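Chemist: Below: one structure in structure tokens.
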Amino acid sequence: MSLTLSRKAQAVKPSSTLAITAKAKELKAQGIDVVGFGAGEPDFDTPENICNAAISAINSGFTKYTPASGTNELKQAVCNKFEKFNNIHYTPDQIVISNGGKHSLTNVFQAILNPGDEVIIPSPYWLSYPEIVMLADGEPVFVRGEQENGYKVTVEQLQAATTEKTKALILNSPSNPTGMIYSEEELLAIADYVVKNDIYVVADEMYEYLVYDGNRHISIASLNEEIYKRTITVSGLAKTYAMTGWRIGYTGSSVEIAKLMSGIQSHQTSNPNSIAQKAAVEALTGDQSSMEMMVREFDARRKYMHEKISSMHHISAKEPYGAFYVFADISKTLEMSYKGKKIETSAEFARILIEDYNVAVIPCTDFGYDDHIRLSYAISIEQIEEGLSRIEKFLMELK
């Protein structure tokens with residue numbers, strides 16, 4: 001056959017994080033003792049009260065279609081959460097419930113982009129951002145956050161990358177993969193830049209509750225009325241409530257944008273899962289003690305992992321203050337050799353670890369930083385200790 005398949009689809013790169021996680025699971029299924037630092041999901045079970053709400057929804061027959069953009073009950077719960085936690089006022093007609101944060105972002109860019117519109121993406125970035133933008137006919141423009149600035153970008157860098165085609169900026173705080181947080185002062189400066197250039201800011205706040213060491217999460221939309229009008233706030237329940245498989249994300253935006261996203265979603269997926277929506281209401285409005293316990297445990301793991309990596313030869317990492325990742329600089333190892341062969345790339349570093357030491361880490365080429373790896377501490381402290389011990393043994397073999 002000579003039929004041509006979609007060039008857009010052919011240009012999409014598979015997720016390296018999912019590929020490595022799948023490889024680790026495959027090895028585990030073969031009985032191999034693998035430590036997987038790749039997964040971007042909590043190792044905790046979904047809290048019991050949330051599961052019980054889903055069971056109740058099934059038993060009561062809440063298994064039919066809902067409105068395309070989500071139930072009014074869940075939209076109101078999201079509004080209340082935005083008001084209480086984020087200090088942002090949204091009404092239910094500004095909320096769109098979706099099938100996870102990834103789907104929310106897909107809705108956002110399909111709603112705001114026209115072919116050739118540019119989206120500024122600070123790097124390091126979550127690897128799906130550029131793919132989602134390109135699938136919506138946008139053009140990613142990368143701005144490198146330097147290590148000495150906590151991998152965060154400055155307004156001067158953003159302004160230098162801005163053109164007449166710039167439509168939006170993605171702002172991810174706390175950050176995946178770095179765990180860094182933008183301060184109020186930094187956010188105010190970025191807000192001024194956004195307003196001055198009359199663009200949108202897509203604020204990905206998926207890790208908003210996972211903040212440590214007395215830091216606090218600040219939503220850029222909360223700063224003033226002008227930035228509020230230009231912000232699309234994206235979040236979800238996956239990371240905070242150990243609900244990765246439930247697939248519930250949500251956005252707060254202008255009524256106009258929310259209507260566009262709702263219309264798009266109505267044709268793509270009909271509506272988010274009805275049972276998961278009931279569970280999400282309980283997550284947002286019910287007992288929060290399980291979530292608070294998870295945050296405390298992540299914090300203990302964070303401290304241990306950062307201290308241990310800081311004591312190792314050849315690699316280093318800035319202390320993360322949010323999310324559940326350590327972004328480790330392995331640039332020194334890329335000038336070294338293992339078993340007589342130069343390593344050269346983070347992908348090769350990761351390949352050696354999983355094949356010779358049964359440890360899965362994420363090489364960060366697809367995150368915009370080829371000389372770094374990402375390690376998740378959303379696994380047990382025992383697994384973290386064992387995995388880091390294996391990495392340390394590998395590093396001691398380098399010449």
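The values are calculated or read from the model by the stated rules, or taken from the named source; none is laboratory data. Treat the numbers as computed from the prediction; the structure is a model and nothing was measured. When we count neighbours, we look across all protein chains shown, and the Cβ atoms used for this are built from the backbone with ideal geometry, even at glycine. SASA here: full protein model, heavy atoms, side chains in, ligands and nucleic acids out. Shrake-Rupley method; radii C 1.70, N 1.55, O 1.52, S 1.80 Å.
Chemist: Does A9 satisfy the condition of being open to solvent by less than 70 Å² (accessible area, probe 1.4 Å) and either in a helix (DSSP H, G or I) or of a type in the set (F, W, Y) (or both)?
Modeler: Values: open to solvent by less than 70 Å² (accessible area, probe 1.4 Å): yes; either in a helix (DSSP H, G or I) or of a type in the set (F, W, Y) (or both): yes.
Yes; evaluated as a whole, the condition is true for this residue.
Chemist: Are any of the residues in the range 198-214 of a type in the set (D, E, K, R) and either more than 26 Å from L375 (Cα to Cα) or not in a loop (DSSP other than H, G, I, E, B) (or both)? Break it down into steps so the answer makes sense when it comes.
Modeler: Keep residues of the range 198-214 that are of a type in the set (D, E, K, R), which gives 198, 204-205, 208, 213.
Those still in the list that are either more than 26 Å from L375 (Cα to Cα) or not in a loop (DSSP other than H, G, I, E, B) (or both) too: 198, 204.
Checked the range 198-214: at least one residue is of a type in the set (D, E, K, R) and either more than 26 Å from L375 (Cα to Cα) or not in a loop (DSSP other than H, G, I, E, B) (or both).
Chemist: Scan I379, I384, I373, I362 and give me the residue that is under 25 Å from the mean Cα position of the chain (by Cα) and without any contact (Cβ under 8 Å) to a residue 60 or more places away in the chain. Steps first, please.
Modeler: On the way: I379 fails: without any contact (Cβ under 8 Å) to a residue 60 or more places away in the chain; I384 fails: without any contact (Cβ under 8 Å) to a residue 60 or more places away in the chain; I362 fails: without any contact (Cβ under 8 Å) to a residue 60 or more places away in the chain.
Sole residue among the options that is under 25 Å from the mean Cα position of the chain (by Cα) and without any contact (Cβ under 8 Å) to a residue 60 or more places away in the chain: I373.
Chemist: Just checking, does the range 225-239 include any residue being in contact with a helix residue (DSSP H, G or I) (Cβ under 7 Å, 6 or more places away or on another chain), in a loop (DSSP other than H, G, I, E, B) and touching a residue at least 24 places away in the same chain (Cβ under 8 Å)?
Modeler: yes
Chemist: Determine, yes or no, whether E344 is modelled with pLDDT under 95, assigned to a loop (DSSP other than H, G, I, E, B), open to solvent by 20 Å² or more (accessible area, probe 1.4 Å) and closer than 28 Å to I121 by Cβ.
Modeler: Details: modelled with pLDDT under 95: yes; assigned to a loop (DSSP other than H, G, I, E, B): yes; open to solvent by 20 Å² or more (accessible area, probe 1.4 Å): yes; closer than 28 Å to I121 by Cβ: yes.
Here the answer is yes, as E344 does meet what is asked.
Chemist: For the range 347-368, which positions are out of contact with any Phe, Trp or Tyr (no Cβ under 8 Å at 6 or more places or on another chain) and farther than 14 Å from A19 by Cβ?
Modeler: First, the residues of the range 347-368 that are out of contact with any Phe, Trp or Tyr (no Cβ under 8 Å at 6 or more places or on another chain): 347-351, 354-355, 358, 365-366.
Of everything in the range 347-368, those that are out of contact with any Phe, Trp or Tyr (no Cβ under 8 Å at 6 or more places or on another chain) and farther than 14 Å from A19 by Cβ turn out to be E348, F349, E355, N358.
Chemist: Across the range 127-152, what is the total count of residues that are assigned to a loop (DSSP other than H, G, I, E, B) and farther than 20 Å from L18 by Cβ?
Modeler: Kept after step one, since they are assigned to a loop (DSSP other than H, G, I, E, B), are these residues of the range 127-152: 127, 136-138, 145-146, 150-152.
In the following step, the residues that additionally are farther than 20 Å from L18 by Cβ were identified as 136-138, 145-146, 150-152.
Total satisfying the criteria: 8.
Chemist: Can you run down the residue pairs with Cβ atoms below 9 Å, 6 or more apart or on separate chains, where the first is in the range 72-99 and farther than 19 Å from Y209 by Cα and the partner is surrounded by fewer than 17 Cβ atoms within 10 Å (Cβ to Cβ) and among the hydrophobic types (A, V, I, L, M, F, W, C)?
Modeler: T91/V255; D93/V255; Q94/V255
Chemist: Of all residues in the range 295-330 being assigned to a helix (DSSP H, G or I), among the basic types (K, R) and open to solvent by 30 Å² or more (accessible area, probe 1.4 Å), which is farthest from I373 (Cα to Cα)? Spell out the reasoning first.
Modeler: Of the residues in the range 295-330, the ones assigned to a helix (DSSP H, G or I) are 295-310.
In the following step, the residues that additionally are among the basic types (K, R) were identified as 296, 301-303, 308.
Those still in the list that are open to solvent by 30 Å² or more (accessible area, probe 1.4 Å) too: 296, 303, 308.
Values: R296: 24, K303: 18, K308: 15 Å.
The residue in question is R296.
Chemist: Restricting to the range 271-323, what's the tally of residues that are touching a residue at least 40 places away in the same chain (Cβ under 8 Å), among the small types (G, A, S) and more than 23 Å from D204 (Cβ to Cβ)?
Modeler: 4
Chemist: Kindly provide the set of residues from the range 353-384 that are part of a helix (DSSP H, G or I) and open to solvent by 10 Å² or more (accessible area, probe 1.4 Å), ordered by number.
Modeler: Quick first cut of the range 353-384, residues part of a helix (DSSP H, G or I) only: 353-356, 365-367, 381-384.
Correct list: I354, E355, D356, T365, D366, I381, E382, Q383.
Chemist: Taking into account only those residues within the range 15-32 that are in a loop (DSSP other than H, G, I, E, B) and surrounded by 10 or more Cβ atoms within 10 Å (Cβ to Cβ), which is modelled with the lowest pLDDT? Steps first, please.
Modeler: Filtering the range 15-32 for residues in a loop (DSSP other than H, G, I, E, B) gives 15, 30-32.
If we keep only those that are surrounded by 10 or more Cβ atoms within 10 Å (Cβ to Cβ) as well, we get 15, 32.
Details: S15: 78, I32: 89.
Ranking the candidates gives S15 first.
Chemist: Residue check, A39 against (1) among the aliphatic types (A, V, I, L, M); (2) farther than 29 Å from A317 by Cβ; (3) in contact (Cβ under 8 Å) with a residue 24 or more places away in the chain, all met but one. Which one?
Modeler: Of (1) among the aliphatic types (A, V, I, L, M); (2) farther than 29 Å from A317 by Cβ; (3) in contact (Cβ under 8 Å) with a residue 24 or more places away in the chain, only one is false for A39: (2).
Chemist: With the requirement that a residue be in a helix (DSSP H, G or I) and in contact with a helix residue (DSSP H, G or I) (Cβ under 6 Å, 6 or more places away or on another chain), what does the range 103-126 give you?
Modeler: Keep residues of the range 103-126 that are in a helix (DSSP H, G or I), which gives 103-112.
L105, T106, N107, F109, Q110, A111, listed by residue number.
Chemist: What about K393, is it among the charged types (D, E, K, R) and over 25 Å from Q30 (Cβ atoms)? Please lay out each step first, then the result.
Modeler: Numbers: among the charged types (D, E, K, R): yes; over 25 Å from Q30 (Cβ atoms): no.
So K393 does not fit the description; no.
Chemist: Quick test for you: out of I275, I227, I220, pick the one residue that is over 15 Å from H103 (Cα atoms) and surrounded by fewer than 20 Cβ atoms within 10 Å (Cβ to Cβ).
Modeler: Being over 15 Å from H103 (Cα atoms) and surrounded by fewer than 20 Cβ atoms within 10 Å (Cβ to Cβ) holds for just one of I275, I227, I220, which is I275.
Chemist: Take the residues in the range 53-71 that are free of Cβ contacts under 8 Å to residues at least 40 places away in the same chain and at negative phi; name whichever of them is most open to solvent (accessible area, probe 1.4 Å).
Modeler: Let us first name the residues in the range 53-71 that are free of Cβ contacts under 8 Å to residues at least 40 places away in the same chain, namely 55, 59-61.
Now drop any that are not at negative phi, which leaves 55, 59-60.
Working: I55: 89, N59: 127, S60: 89 Å².
Restricting to residues being free of Cβ contacts under 8 Å to residues at least 40 places away in the same chain and at negative phi, the top hit is N59.
Chemist: Taking V143 as the residue in question, decide whether it is over 22 Å from V211 (Cβ atoms) and in contact with a Pro (Cβ under 9 Å, 6 or more places away or on another chain). Show your work before the answer.
Modeler: Numbers: over 22 Å from V211 (Cβ atoms): yes; in contact with a Pro (Cβ under 9 Å, 6 or more places away or on another chain): yes.
So V143 fits the description; yes.
Chemist: Here's a follow-up. Of the residues T21, T63, which single one is touching a strand residue (DSSP E or B) at 6+ places or on another chain (Cβ under 7 Å) and over 25 Å from Q288 (Cβ atoms)?
Modeler: Numbers: T63 fails: touching a strand residue (DSSP E or B) at 6+ places or on another chain (Cβ under 7 Å).
Just one listed residue meets the conditions, T21.
Chemist: Further question on the same structure: Could you say whether any residue in the range 57-75 is part of a helix (DSSP H, G or I), under 24 Å from the mean Cα position of the chain (by Cα) and under 25 Å from M261 (Cβ atoms)? Show your work before the answer.
Modeler: Here is the first cut: in the range 57-75, the ones part of a helix (DSSP H, G or I) are 57-59, 72-75.
Now narrow it down to the ones that are under 24 Å from the mean Cα position of the chain (by Cα): 74-75.
Going one step further and asking which of them are under 25 Å from M261 (Cβ atoms), we end up with 74-75.
Yes: the range 57-75 contains one or more residues that are part of a helix (DSSP H, G or I), under 24 Å from the mean Cα position of the chain (by Cα) and under 25 Å from M261 (Cβ atoms).
Chemist: Right, next: Starting from residues that are aliphatic (A, V, I, L, M) and farther than 28 Å from D213 by Cβ, keep the ones in the range 278-294 and report whichever is most open to solvent (accessible area, probe 1.4 Å). Write out each step before concluding.
Modeler: Within the range 278-294, the first condition is being aliphatic (A, V, I, L, M), and the residues that meet it are 279-281, 283-284, 291, 293-294.
Retained after the next criterion (residues that are farther than 28 Å from D213 by Cβ): 279-281.
Details: A279: 0, A280: 0, V281: 20 Å².
That would be V281.
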